[in-house]
Amino acid sequence: MAVELHVDGVVKLGQFGEFLKAAERWREFRRHRGWCVPRLLAGLSGTMNLVRFIFRYDSLAGYEREEQLVAQDPEYVRLAMLMPFDGRLEFTIFKEHETPAAG
């Protein structure tokens, strides 16, 4: 069962360029470690400066394994903290449902 983690945050006003640079360094760090590299979406309507990272995992267990590694890596935390978010981040996990075959 595939799962997606969506992480929503609001970038501080006037710091979107800095955010993009920091996010790319953070994503490159994840790529180098062999971890899931999330897609990055920026809102075109709604909350100003809203961004969403979308991580896709083959299973919830895969996500949990990676979270354990991330939590133990001080360089990962340092790079993540360079992204200028305003306030808290919101984490939501979705599971994929397959539509039953007709018949």
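The numbers here are math on the coordinates, done by the rules we state, and not lab data. Here the structure is a predicted model, which is why all the values come from computation and not from measurement. Neighbour counts are summed over all protein chains in view; Cβ atoms, including those assigned to glycine, are modelled from backbone coordinates with ideal geometry.
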(message) With the requirement that a residue be under 23 Å from Val11 (Cβ atoms), of a type outside the set (A, V, I, L, M, F, W, C), out of contact with any Lys or Arg (no Cβ under 7 Å at 6 or more places or on another chain) and surrounded by 11 or more Cβ atoms within 10 Å (Cβ to Cβ), what does the range 39-94 give you?
(response) Arg39, Gly43, Asn49, Arg52, Arg56, Tyr76, Arg78, Glu90
(request) Only strands (runs of 3 or more DSSP E) wholly contained in the range 1-65 count here; list those with 1 or more residues that are free of Cβ contacts under 8 Å to residues at least 40 places away in the same chain. (result) 39-42
